[in-house]
Every structure is written in structure tokens, then in C-alpha cells.
Amino acid sequence: MNQESKRIVKVLWVMGALFIILVVYLSYFEIFRASKIVTNNYNKRQWLNEEYVLRGQIVDRNGKTLAYSEKIENNKQVRKYNHGRLYSHVIGYSDKEYGKSGLESSYNNELLNINALNPILEITEKITGPKEKGNNLILSLDHELQKYAQQKLGNNKGAIIAMNPKSGEIYAMVSKPDFNASTFKENWEELVEDKESPLLNRATSGVYTPGSVFKIITAAAALQNKEIDTEYACEGSVNIEGYVLRDYQETAHGEVDLLEAMAKSCNIAFSQMGLQLGEQKLQDTAEKFMFNRIIPFDLKTKSSIFPSKGIMTKPELGASAIGQGKVLVTPLNMALATSAIANDGVMMRPILVKEILSSEGKTLKVNYPQALTRASSSLIAREIRDMMVEVVTDGTGTNARIKNIKVAGKTGTAENDTGKTHAWFTGFAPAEDPKVVVVVVLESHGTTGGKSAAPLARDMMIQTMNRVK
């Protein structure tokens, strides 16, 4: 082979390599990146579609209209939010200048009936013209329950979630502080600069120190590891390598087993359980309950954190076992963890959008109930359920009692950097055949979960059981 032929071969090799790189890149782009770019708020193609497609409606589970669009002059349209602040974090907003949030962002393609990820349909629409109307979303939310949750949360910072533990359907999801979706443009600078973060959906993306509600998970770990001693002598405080861990008001509970420790929310007993379990076993159980993992959901979520790196000190481990230290959880994750206990150990995937309908009413997609993970065995889930019943019957959660209905629950009073405790309650009812799980967190409230959060959860459970059959 002469010199000229060798050069030609080299050029062919280089061109072939470049061609392969281009194919690989385009394949990667189409598979992994295309959907993110198509749905990106800064993608101008989204807004081109909105010039000729009337954005779809969003309705509650009973057909109550929550958001819709109207045509105005020059073929433009305006988005209408019928209920001001009520759905500001769930539905969010859609605006050409300020972008999109909530379901308006995550379901933008469906609301505009965009087929940008289907090349054949996209080409067809270029020939025949685009659809004139977008698709409609039917939510799992109940409008009356959403209003009730907002009312119960009042002016408190925090979140309330009510859901069906067997199907994963969310009945109500409220976060405060909130904002008025109808006037957010006029107040944008104020909202962005507000130190209370009203644009943050605390239900899905607020990460809180869980305090004693985390003991549900520590109990699950202890029951999974039969070698763990579950009989303890509580003197109100314990010294762990120089770190003094105390019970609430340093109450000495005396001799307690696991049932009594849960009912009385004994920090001493659960910290000792954590030390026996060790970091790895506690982390493994937490991750079965979706800590350190992304929860698949219709809205953006943050991951709950069990901060394990294999190097926890004993004081850190003792604190983590009672939901303190660097452990963080979202209200959504706590609702799912509680739902797993209510559902015999099976955690269902959370559902906010039940169906997608065409503008003509044709069903395009149904989000059926789907198991997300098995968090524990059914036997362990039932044991923890019985402990949670005792919490409400004769423990720290008596304010969640409902006449003639057995309630299972867990209180939490979480110390945090603000200096004021978060007040938690998580529970379900009826305990023997759960219809609803309710989680309440009152951010930096400065009171106990049993005193402040439990009554709100009780009222929410009653309202939900009366409302959703």
C-alpha cells in the first residue's frame, strides 16, 4: 500500500469514528436528554405551541374546575386559577415571563397536547396543523378536603397531606406559606425575596428533622433484627460517650419494652436500639422506607436523608435513631412510610394525577395503583400498627383519638437549628382497615406534636373518612 492509500485509509477511519461518535451522541440525546429539553421552562417552542393550542383544564376527582384557559384578543389566551392560594404549590403557575411550576410544568406537554417526543406525530401535525385544544388532567385531590386542610393549617408554616394508603391517591396536599397564583406576577419580587420561602412546596420539597416520628423506622429495624434487646430501663437521660441524650422534660419512664417505648416516645430506649442495630442496619431499613432515594411523583420532590457514611459516632447514631442529628425527611416521604405500615408493609406509588383526558373526553392515560416498594413484612407492619394504636390510646397521641374509631399514630417533637421545635403527627384510621393516612408538620412551632399536630390530624382524618368513601 503506497503512501497515498494509507492517507486515504486514515481519513476514512477518522470520518468513520466521527460518524460513530455523532450517532452515539444523537442516540444519547434522544434517549436521555430530549424529554428534559422539551419540557424545560426556557424552551421557546413551548410558548409557540401556546399561541395556537388552548391549554387544557385541571379538575379535582369530582370534576371541580381548578384551572383553565380562556382565549382573548389576537388569539392570545390567559390562564385562570379559580381558587387563588389553594393550589399554588400543587398546580403552580404557567407564564411566558416567569416560567412554570407545579403540575403546569410537569404536565406541560399533556396540557398542550404536544407530541414532541413522537417524531411521527410531530411530522403529522406539521402537515395537518396542530390540535386546537390541549388535554385535561383529573386529579386525585378532593376540593373540599383541600380547602379543609388549608383551613386547619391556618397561618402556621408547614404542611398537611391526606392520602389513601392502599391506592397511593393524594386527597389533600397543602403547604404554607403559599402565594396567590392569580396575582403572583404582580408580587414576584416580593415572593422571591421573602425569607419564609412561599414558593417552596414544603409537602414535597421541605426537608425537616423528623424527631420521634422516625421511631417507626427504628422500630421496624429492631423487629427485623431479632437479636436486638427491646427491654430498657429509662432514667430520663443517658450519657453516650460524653453526649447526654434526654427524654422530653427528662421524664424517667422506668422499665419499658418496645410497645411502651413507642407509646411513651422514649428517647432513651430508641437511642439504645440504634446503638445495638448499628449504622448499616438502621440505614438499610431507612432506605427501604425511601430515604436517600428519589420518590417518583407528579411533582418535583427532594430526597429524605439518612446521613450514613460508615463513620457515625455513637452519639450521632443514638441521635439518628430518634430522628435527630442530621436525619431529614419530607412530609411526603413520612406519609408514604406511614402508608406502608397501614398497608401491611407495601408502599404504594403516590398519585396526584389520576387520568389524562382529551378535549373530547377520551381517556388517554390512567395512573393505576402501583406498588413502589416493600418496606417491611406484613407481620412487622402489623406489630408497629399495634404500637401506634397504643400511642393514640394511652400514649403521647391521645389528642388524635376519634370516638368509636381506632386510630394509629405517632407524635414527634423535633429539635432543629431554629431553636423552636417542629411539631409532627403521622397516623391512619381506621387502624384495622385503613382508609386514610394523614401527616401534619408545623414548622418551628415550638410545641409538641401531641399537643398541636395531633388534633389537626384527627380532624383531617374525620373529614376525609366522611368525605371519601
Kindly indicate the residue of the range 194-213 that is under 10 Å from the mean Cα position of the chain (by Cα) and in a helix (DSSP H, G or I) and also surrounded by the fewest Cβ atoms within 10 Å (Cβ to Cβ) among those meeting that condition. Ser205
Restricting to the range 175-196, count the residues that are under 30 Å from Lys435 (Cβ atoms) and touching a residue at least 60 places away in the same chain (Cβ under 8 Å). 2
Checked the range 82-133 for anything at pLDDT 95 or above, of a type in the set (A, V, I, L, M, F, W, C) and part of a loop (DSSP other than H, G, I, E, B); matches are Leu86, Val90, Ile91
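Within the range 382-416, work out how many residues are within 23 Å of the chain's Cα centre (by Cα), at pLDDT 95 or above and either surrounded by fewer than 22 Cβ atoms within 10 Å (Cβ to Cβ) or of a type outside the set (A, V, I, L, M, F, W, C) (or both).
6
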Show the residue pairs that are 6+ apart or on different chains and have beta-carbon atoms under 8 Å apart, the first residue being within the range 293-312 and farther than 20 Å from Gln370 by Cβ and among the basic types (Lys, Arg), the second being modelled with pLDDT of 95 or more and assigned to a loop (DSSP other than H, G, I, E, B). Lys302/Gly206; Lys302/Val207; Lys302/Thr330
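In this structure, does Ala337 turn out to be hydrophobic (A, V, I, L, M, F, W, C), closer than 27 Å to Thr204 by Cβ and touching a Lys or Arg at 6+ places or on another chain (Cβ under 9 Å)?
When the stated conditions are applied, Ala337 does not pass them.
May I ask you to list the residues in the range 214-237 that are surrounded by fewer than 20 Cβ atoms within 10 Å (Cβ to Cβ) and either assigned to a loop (DSSP other than H, G, I, E, B) or of a type outside the set (Gly, Ala, Ser) (or both)?
Kept after step one, since they are surrounded by fewer than 20 Cβ atoms within 10 Å (Cβ to Cβ), are these residues of the range 214-237: 224-231, 233, 235-237.
Gln224, Asn225, Lys226, Glu227, Ile228, Asp229, Thr230, Glu231, Glu235, Gly236 - these are the residues of the range 214-237 that are surrounded by fewer than 20 Cβ atoms within 10 Å (Cβ to Cβ) and either assigned to a loop (DSSP other than H, G, I, E, B) or of a type outside the set (Gly, Ala, Ser) (or both).
Name the residues in the range 417-443 that are closer than 22 Å to Glu196 by Cβ, of a type in the set (Gly, Ala, Ser) and at pLDDT 95 or above, would you?
Filtering the range 417-443 down to residues closer than 22 Å to Glu196 by Cβ leaves 417-424, 439-443.
If we keep only those that are of a type in the set (Gly, Ala, Ser) too, we end up with 419, 423.
Ala423, the sole residue that qualifies.
The values are calculated or read from the model by the stated rules, or taken from the named source; none is laboratory data. The shown structure was predicted, so the numbers you read here are calculated from the model rather than taken from an experiment. Cβ sites come from the backbone with ideal geometry, for glycine too, and all protein chains shown count toward neighbours.
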